[in-house]
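> Sending over a structure as structure tokens; questions will come in a sec.
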Amino acid sequence: MKILMVCLGNICRSPLAEGILRAKAESAGLEVTVDSAGTSNYHIGETPHRDSVRVASEHKIDIGRLKARQFIVSDFEDFDLIYVMDESNYKNVLRLAKNQEQKSKVHYLLDEIDPGSKAEVPDPWYGGYDGYQHVYQLLDRACDVITSKIISGELSSEVFV
Ligand code: 4NP
């Protein structure tokens, strides 16, 4: 099972989502590859925002050594599921999809909490630390659902081939 988390810069939301899901999968003993990427090239090579690193470390998750990268077309082949944080990420990723199979891999992350809602993980970039704490709580709940679905078999790589 290979899961990619996507936001705009790959320094605030998606690296946090990557760290949270990896930690949950590891503690559940699941074989899941987790990665993250940004739709923009703004922060390529940078480590995550200090407030994402801080809120993760408050929950005993280390994301301090991750490096931002841009989403690339081959990610459609390399991952079973691609979770986006907001509508703008959704449109930017879908625009790069070559066929229906690739499009079907792309989902709003918060649809895992509230199916069909297309709810957005708010961009904490322009706000203070409380925004990062709020984002953490949203991502944590969504990643709990994903982990449970992998355990129950509702989500598996075979579903998507
Ligand atoms: P992210 O947050 O998409 O959650 O990583 C942002 C990071 C950087 C910018 C915007 C959002 N920026 O405009 O540079």
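> Considering region 97-140, what Rg and Dmax in Å follow from its alpha-carbon atoms?
13.5, 40
> For Ser104, put the label point 7 Å out on the Cα→Cβ axis and report which residues of region 70-90 keep their amide N under 19 Å from it.
Counting backbone N atoms under 19 Å from the label point, the list is 75-84.
> Ranking request for peptides 6-12, 81-87: highest mean number of other beta-carbon atoms within 10 Å first, then the rest in descending order.
So the peptides 6-12, 81-87, ranked by packing, come out 6-12, 81-87.
> Order of 46-52, 129-135, 96-102 by packing, highest average Cβ count within 10 Å first?
For the peptides 46-52, 129-135, 96-102, the packing ranking is 46-52, 129-135, 96-102.
> Could you give the C-alpha radius of gyration of region 34-101 expressed as a fraction of 2.2 N^0.38 Å, taking N as the number of residues it contains?
Working it through for region 34-101, the quotient is 1.24.
> If I histogram all Cα-Cα distances within region 1-50 using bins 10 Å wide from 0, what percent of pairs lands in each bin?
The distribution over region 1-50 is 29, 48, 21, 2, given as percents.
> Next question, about the same structure. What is the diffusion coefficient of the chain in µm²/s, taking the Kirkwood radius over Cα pairs and the Stokes-Einstein relation at 20 °C with a viscosity of 1.002 mPa s?
On the way: Rh = 15.4 Å.
The diffusion coefficient I find is 139 µm²/s.
> May I ask you to list the aspartates and glutamates whose Cα is less than 13 Å away from that of Lys105, ignoring any residue fewer than eight positions away on the same chain?
Of all the aspartates and glutamates, those that pass the test against Lys105 - Cα under 13 Å, at least 8 places apart if same chain - are Asp75, Glu77, Asp78, Asp80, Glu158.
> What is the P(r) of region 58-136, as percent of Cα-Cα pairs per 10 Å bin from 0?
16, 39, 36, 9, 0
> Let me ask another. So which of Lys60/Lys91; Lys2/Lys91; Lys60/Lys98 end up more than 31 Å apart, counting from Cα to Cα?
Lys60/Lys91; Lys60/Lys98
> If I take R0 = 25 Å and measure r between the Cβ atoms of Thr33 and Asp144 in this structure, what FRET efficiency does the formula 1/(1 + (r/R0)^6) give, to the nearest 0.05?
Efficiency at R0 = 25 Å is approximately 0.85.
A short reminder: the numbers here are calculations on the coordinates, not readings from a lab. The structure displayed is predicted, hence computed values, not measured ones. Quick reminder, even Gly has a Cβ in these numbers, built from the backbone with ideal geometry, and neighbours come from all protein chains shown.
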